[in-house]
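I have placed the structure first, in the form of structure tokens, so that the comments after it can refer back to it.
Since every read-out is calculated from the coordinates, none of them should be taken as a lab result. Keep in mind it's a predicted model, so treat the numbers as computed, not measured. Cβ placement follows ideal geometry from the backbone for every residue including glycine, while neighbour counts extend to all protein chains displayed.
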Amino acid sequence: MFEFYAFLIALAGTLIASYYDLKTTEIPDLLPILMIVSGITLNSLDFLLTKNQENLFLSLTNGIVFSAIGFSMYFAGQWGAGDAFLLTAIGFLIPKNFLIQNDFPFLFTYLTNLFFLGSLYMIVYSFFYAIRNKKVIKTFKSQIKKFSWIVVVLSFLFILLSSLLSFILFGEIVPRLILLACSTTLLLTILWIFSKSVENSFIKRIPVSKLKVGDVLLESKRWDGITEKEIKEIKKSGRRYVYIKSGICFAPAFPLALVFTMFYGNSIFLFLSLLSLI
């Protein structure tokens, strides 16, 4: 019973966080804090009533590990603090997958799904963003022409490597393996160029007078919004313009991975099963 309530709180919390992230690019500080408190409370009640310490132990373990990973991403400049707290909250709320049988711990499965499905989500997000932003499409076209030689070189290298690998493993050259290697190389290279084009469009040059609390300066190593005090200091410095950056709102990846984890399991197995059909 407590596991079900914890799942509902985790799902509702991540959906609310996604709404705020997409609308304001910020996640309310109070939201993940309430989720963390709810997770510890529910799993503690489960222990007191059932005398089974498994869920409480796994909840604390998941929360600590998720916190370490989330804030490592934050200090590395890849995530905002809100994303790190959201991952921590899910760890404290969900001790294990209780809807389907899963051979892997929730901790491993959820992280796998978050980064794998999160990557797919960012690709889709970037695609629709590019459709609405002509600057991205223009930059992408120019970058494709500029780096077309990389595609040719990588394709040639992967043809050689896949041919060698095919001969070592199967004693013969398998055309399907070579085709898969080349198409994957081509796709990943194009996606890399596309992501760089989208990333460049998130950088803007604005007058200092238009700076507002929450804007992230380009020179900032982490995704920390600027404060009122910092804005006053910049204005006093005499600078007329500053560069600010934004990024893809990653919060929607959390409920997506949560639902997938609970109702399916590990996304890597699905990916491998699809590859086997090629």
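Summing -39500 (n - 2.57) over the DSSP H runs of n ≥ 4 in the chain and dividing by its residue number, what mean residue ellipticity at 222 nm do you reach, to the nearest 500 deg cm²/dmol?
About -24500 deg cm²/dmol.
Over 18 Å between Cα atoms: which of Lys141/Lys221; Lys210/Lys236; Lys145/Lys204; Lys210/Lys235; Lys210/Lys245 fall into that group?
Values: Lys141/Lys221 29 Å; Lys210/Lys236 14 Å; Lys145/Lys204 24 Å; Lys210/Lys235 11 Å; Lys210/Lys245 14 Å.
Checking Cα-Cα distances, Lys141/Lys221; Lys145/Lys204 exceed 18 Å.
Please report the relative contact order for the chain, taking Cα pairs under 8 Å with a sequence separation of at least 6, and give it as a percent rounded to a whole number.
24 percent
Tally Lys and Arg at +1 and Asp and Glu at -1 over the other residues with C-beta under 15 Å from the C-beta of Ala17: what net charge comes out?
Numbers: positive: Lys23; negative: Asp21, Glu26, Asp29, Asp83.
Result for the local shell: -3.
When you have a sec, figure out the Kirkwood radius of region 51-159 from all distinct Cα pair distances and drop it here in Å to one decimal?
17.2 Å
Return the lysines within reach of Lys146: Cα separation strictly under 18 angstrom, same-chain partners fewer than 8 residues apart disregarded; answer none if there are no such residues.
Leaving aside lysines fewer than 8 places away in the same chain, those within reach of Lys146 are Lys135, Lys138, Lys196.
Suppose the chain between Glu54 and Leu164 were pulled fully straight at 0.36 nm per residue; how much longer would it get relative to their current alpha carbon spacing?
34.7 nm
Normalized C-alpha radius of gyration of the chain, against 2.2 N^0.38 Å?
Compared with the compact-globule rule of thumb, the chain sits at 1.21.
Tell me, what is the FRET efficiency for Tyr243 and Lys141 to the nearest 0.05, using R0 = 22 angstrom and their Cβ-Cβ distance as r?
Working from the Cβ atoms, E equals 0.40.
From Cα pairs below 8 angstrom and at least 6 apart in sequence, can you work out the relative contact order of region 203-245, rounded to a whole percent?
Taking the mean separation of contacting Cα pairs over the length of region 203-245, I get 58 percent.
When you take every Cα atom in region 2-96, what is the radius of gyration, and what is Dmax, the widest Cα pair distance, in Å?
13.4, 43
What distance in nm separates the two pseudo spin-label positions at Ile16 and Lys236, each 7 Å out from Cα along the beta-carbon direction?
So the two model labels end up 3.8 nm from each other.
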